[in-house]
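Here the structure is laid out as structure tokens; the discussion comes afterwards.
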Amino acid sequence: MKYQAAIFDMDGTLINSLEDISDGVNETMAHYGFPSHTLEEYRYFVGNGARKLIERSIPKDKAGDPDFVSEVLKYYDSCYKRRLTNKTHPYNGILDMLKELQNKKIPLGVCTNKQQFAADEIINAIFPAGMFGTVIGDQKGLPRKPDPAKVLKIAAQFNVEPKYVAYFGDTSVDMETAHNAGFLSIGVTWGFRPKSELIESGAEILIDHPCELWQHVDF
């Protein structure tokens, strides 16, 4: 089958943003007098949106208080805004892969549970202008992945049937999103989670480097 559109998760798929996220949350934890966490721990804290990231980072006895979580999240957003692209960068080979897809006239989209302000600023700072037709982050009224609403909205904007869409991600949330939407699920192993998680969550294709895409998928 020839695929007609490509939609990407962001953190751990297009970009390595873990250090900036870690620094932002640890600054927040220090402000509230809470323990900090390691980079390895943050690999498993991210993936379900910033609010869930904060719930996983603060002490468990505080995570059940929605008002307090909202307060901490607001502080974290202010910390993260100052360092969105300090250490964040695209993974090796990503730009080449995206440019090749562009050459094939394949529409490209980004769907992330990341805050919309952060997704927009990072995409604009790191990638060529106009590379992505649509970037959808965490928005009011749209459920977070693995609910397929956001990715299906992108497919509809591209006027491409779900069965002709390839979705790329690095976590079980992404593989579930692809399955829920009826997309081809492509697990990337260079991201935040181990290959075993992608296999267990039903990745139909695994790639270890962006240049391997052409060996597995026809666009």
Worksheet entry | Subset of the range 1-16 (residues that are touching a Lys or Arg at 6+ places or on another chain (Cβ under 9 Å), surrounded by fewer than 24 Cβ atoms within 10 Å (Cβ to Cβ) and not in a loop (DSSP other than H, G, I, E, B)) | 16
Fill in: Those residues of the range 83-108 which are open to solvent by 10 Å² or more (accessible area, probe 1.4 Å), among the hydrophobic types (A, V, I, L, M, F, W, C) and closer than 17 Å to residue 126 by Cα, in sequence order
95
Worksheet item: Restricting the first residue to the range 24-37 and requiring it to be touching a residue at least 12 places away in the same chain (Cβ under 8 Å), which pairs with a second residue that is polar (S, T, N, Q) and in a helix (DSSP H, G or I) meet a Cβ separation below 7 Å and a spacing of at least six or different chains?
Response: 25/57; 29/57; 37/26; 37/57
Practice prompt. Please identify the pairs in which a residue from the range 49-77 that is over 21 Å from residue 139 (Cβ atoms) and in a helix (DSSP H, G or I) has its Cβ atom under 6 Å from the Cβ atom of a residue that is open to solvent by 60 Å² or more (accessible area, probe 1.4 Å) and of a type outside the set (Phe, Trp, Tyr), counting only partners at least 6 apart or on another chain.
Written response: 68/62
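Residue by residue, here is whether (1) among the hydroxyl-bearing types (Ser, Thr, Tyr); (2) assigned to a strand (DSSP E or B); (3) exposed (fewer than 15 other Cβ atoms within 10 Å of the Cβ) holds:
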{"residue": "144", "(1), (2), (3)": "no, no, no"}
{"residue": "154", "(1), (2), (3)": "no, no, no"}
{"residue": "166", "(1), (2), (3)": "no, yes, no"}
{"residue": "180", "(1), (2), (3)": "no, no, no"}
{"residue": "191", "(1), (2), (3)": "no, no, no"}
{"residue": "198", "(1), (2), (3)": "no, no, no"}
{"residue": "202", "(1), (2), (3)": "no, no, yes"}
Practice prompt. Filter the range 17-36 down to residues that are open to solvent by 40 Å² or more (accessible area, probe 1.4 Å) and under 22 Å from residue 190 (Cα atoms), then give me how many there are.
Written response: 2
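The values are calculated or read from the model by the stated rules, or taken from the named source; none is laboratory data. Bear in mind that the values here come from a model prediction, so they are computed numbers and not experimental data. Counting neighbours? That spans all protein chains shown, and the Cβs are built from the backbone with ideal geometry, glycine included. The protein model used for the area step is the full one, side chains on, heavy atoms only, and it has no ligands, DNA or RNA in it. Shrake-Rupley method; radii C 1.70, N 1.55, O 1.52, S 1.80 Å.
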